[in-house]
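**Q** The structure is given below, and queries will be raised subsequently.
Computed from the coordinates by the stated procedures, all read-outs in this text should not be read as laboratory data. Given the structure is predicted, the values throughout are model-derived calculations rather than measurements. Neighbour counts are summed over all protein chains in view; Cβ atoms, including those assigned to glycine, are modelled from backbone coordinates with ideal geometry.
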Amino acid sequence: MSAPVSASTVPDLLIAGCDVLPGPGEERRAVDVEIGGGRISSIVDAGSAGDGSAERIDGTGLLAIPGLVNAHTHSPENCLRGIGEGLALEPWLLRMFGSSGPYTPQDHYDCALAGAVEMLELGVTGVVDHLWMTPPSVEAVDAAMRAYRDIGIRATVAPLMDDHDYTEDFGAAIGADLGIGGMSHHVALPPAEELVAQLRESLASWHGAEGDRLRILAGPGGVQWASEELLAGLAAAAREHGAGIHIHLLETTLQDRVCRHRFGCSAVEALDRLGILAPDCSLPHSVWTSDGDVELIAASGAIPVHNPAANLRLGSGRAPIRALLEAGAVVALGTDGSASSDNQNLWEALRLASLIHNDAAAGRWLTSSATLAMATSGGAAVIGRNAELGRLAVGAIADLALIDRRGDGVAGSVDTTAALALSESGRGVRHVIVDGRPVVRDGRCVTVDRDAARARLAEQAARRSPTASRPPDKTRRAMEEMMRFRGTAARLTDNEERETT
């Protein structure tokens, strides 16, 4: 295995004779791109760059684009692909957590490393890993961070932390006991002060490491699973270190009902009242947001993260992405974890985002320029680097992918931006550069032994398979309880809404 990539050993680099897409809808043909100290130092006409001392990549026939940023995933799910088909989110979560078993730090390292190999080879240069842990621990965070350090990807880890399941409280209030369908029966929910202390330790160890290639975010699991003490404590700890907050938001109608019961208002309004909603706050999913929520999100500068594949897989609904963009919100794009989206291919999420929001009858379309921006500059905003990432420009951090113009995705294109959003699959990615350092050459990750990483992931999946493929009796009962509860909660709250109107 190669030595870990270090920010202090970034070589000078010349990409000679490539085409460049600095940002969506822009294109420049036949240029030389010079990189020094991890940043783009010049973009000039081909043949006019440098003195020949830099390492050289032949860019003939290649298109340089800003590296994609996967703004929401869960690396532990890389060994749980295909689990829980045909389930809505809440029973699916019970299936996953109730049957996958605990993770050691080495398990977390292996899952994160294999996922990073997959993403890098597809041209994804940055990732936000909302890292769930069974159980939560500083050692688990350390393991994932070491994997990202070793492979050379730009990674931001948000340790997922919950301390109370308010779904159970909601059930008790409406007289519909959730029984063992509550999350507290299947995952550890440590006290808030313990979780805040863990986050502080991870921030001190990793936030800004490797020349700021690695970062930490606060990662409360969701408004319905976190006390006000936990939300406030995690946000304060993160902001003391110049970090932000990454929190699931309103993925299902049940979550909306739970939050409205708890706060007497929407989850978005509650986050705003608690001081969480701000430009450093990112909101994966944001599916069941009202018109008022959309306006509040846009006004606050918070960043919704669209996860179309997972939302379709789990039947959660369709986020109001057009409305958010029209309101002025910056929107990012994510795959979500491989147990719900089944891969880490952001190109697939990009294509889905470009298609599922179009409405010919209403004359409303989502442009490829908008969706490609979600996959690049939108993701850069989530990790707090939107001033330096997401575009190819002099002075920008050199995170980029080189795509073969003769590949299936763009060979026949008449509009490069549209072809990238609608046709490219990632198969055309030839070289990938992160922080000025080549990490993928000729389609293959060169910083770690990618075959060994995939073999360890397969071994872990095989180890978990007996219970993951056939859930224990307790898990099956919990799933049945939750499915009944979802139906009861929907009927009761729908009746209440009809009575009030």
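**Q** Please determine, in degrees from 0 to 90 and to the nearest 10, the orientation of helix 291-300 with respect to the longest principal axis defined by the Cα atoms of the chain, where the helix direction is its Cα long axis.
**A** Once rounded, the angle reads 50 degrees.
**Q** So how do 178-188, 346-356 stack up, highest first, on mean other-Cβ count within 10 Å?
**A** Result, highest mean first: 346-356, 178-188.
**Q** Here's something else I'd like to know. Using the Kirkwood radius over C-alpha pairs as Rh, can you work out the diffusion coefficient of the range 72-169 via Stokes-Einstein at 25 °C, viscosity 0.890 mPa s, in µm² per second?
**A** 173
**Q** Which whole-Hz couplings ³J(HN,Hα) result when phi for each residue of the range 392-398 is put into the Karplus expression 6.51 cos²θ - 1.76 cosθ + 1.60, θ = phi - 60°, listed in order with x for Gly and Pro?
**A** So the Karplus estimates, Gly and Pro as x, are 9, 8, 4, x, 6, 4, 7 Hz.
**Q** Excluding ALA396 itself, what net charge comes from residues whose Cβ is under 12 Å from its Cβ, given Lys and Arg +1 and Asp and Glu -1?
**A** Charge balance in the 12 Å sphere: 0.
**Q** While we're on this one: For the range 370-439, rounded, prolate or oblate, judged on the Cα gyration tensor with a ≥ b ≥ c (square roots of eigenvalues), a/c < 1.5 rounded, else prolate if a/b > b/c?
**A** Oblate, because a/c is 1.5 or more while a/b does not exceed b/c.
**Q** Oh, and also: Could you give me the percent of Cα pairs per 10 Å distance bin for the range 158-218, shortest bin first, beginning at zero and ending with the bin that holds the maximum distance?
**A** Here the calculated profile for the range 158-218 is 21, 33, 24, 16, 6, 0.
**Q** Which whole number in µm²/s is D for the range 160-319 by Stokes-Einstein, with the Kirkwood Rh taken over Cα pairs at 20 °C and 1.002 mPa s?
**A** 132
**Q** Over all directions, the average projected area of the alpha-carbon convex hull for the range 140-245 comes to how many nm²?
**A** Dividing the Cα hull surface by four gives the mean projection, 7.1 nm².
**Q** Now, a different point. Could you tell me what a quarter of the Cα convex hull surface of the range 279-417 works out to, in nm² with one decimal place?
**A** Averaging across all directions leaves 9.7 nm² for the Cα convex hull.
**Q** Could you compute the net charge surrounding GLY426? Neighbours are other residues with a C-beta less than 13 Å from the C-beta of GLY426; K and R count +1, D and E count -1.
**A** Its environment carries a net charge of -3.
**Q** To the nearest 10 degrees, how steeply does helix 450-469 sit against the main Cα axis of the chain, on a 0 to 90 scale?
**A** 10
**Q** Could you sort the peptides 198-205, 358-365 by per-residue average Cβ neighbour count (10 Å cutoff), highest mean leading?
**A** Put in order of decreasing packing, that is 198-205, 358-365.
**Q** Mean shadow of the chain, computed from the convex hull of its alpha carbons, in nm²?
**A** Convex hull of Cα atoms, orientation-averaged projection: 22.5 nm².
**Q** Further, regarding this structure: Would you list the P(r) distribution for the range 194-288, with all Cα-Cα distances sorted into 5 Å bins from 0 and each bin expressed as a whole %?
**A** In whole percents, the pair-distance histogram is 3, 14, 25, 22, 17, 10, 6, 2, 1.
**Q** Report, to the nearest 10°, how far helix 346-355 tilts away from the longest principal axis of the Cα atoms in the chain, using its own Cα long axis and a range of 0 to 90°.
**A** Approximately 70 degrees, to the nearest ten.
**Q** Under the Karplus relation 6.51 cos²θ - 1.76 cosθ + 1.60, θ = phi - 60°, what is the ordered set of whole-Hz ³J(HN,Hα) values for the range 156-165, x standing for Gly and Pro?
**A** 10, 9, 10, x, 6, 9, 9, 10, 6, 9
**Q** A follow-up question, please. Kindly rank 216-223, 152-159 from highest to lowest mean number of other beta carbons found within 10 Å of each residue.
**A** 152-159, 216-223
**Q** Express in % the proportion of alpha carbon pairs of the range 276-339 at distances exceeding 14 Å.
**A** 52
**Q** Rounded to a whole number, what is D in µm²/s for the range 1-146 from Stokes-Einstein with the Kirkwood radius over alpha-carbon pairs (4 °C, 1.567 mPa s)?
**A** Answer from the Stokes-Einstein relation: 70 µm²/s.
**Q** Which order results if PHE485, PHE263 are arranged by neighbouring Cβ count within 10 Å, fewest first?
**A** With the sparsest Cβ surroundings first, the list reads PHE263, PHE485.
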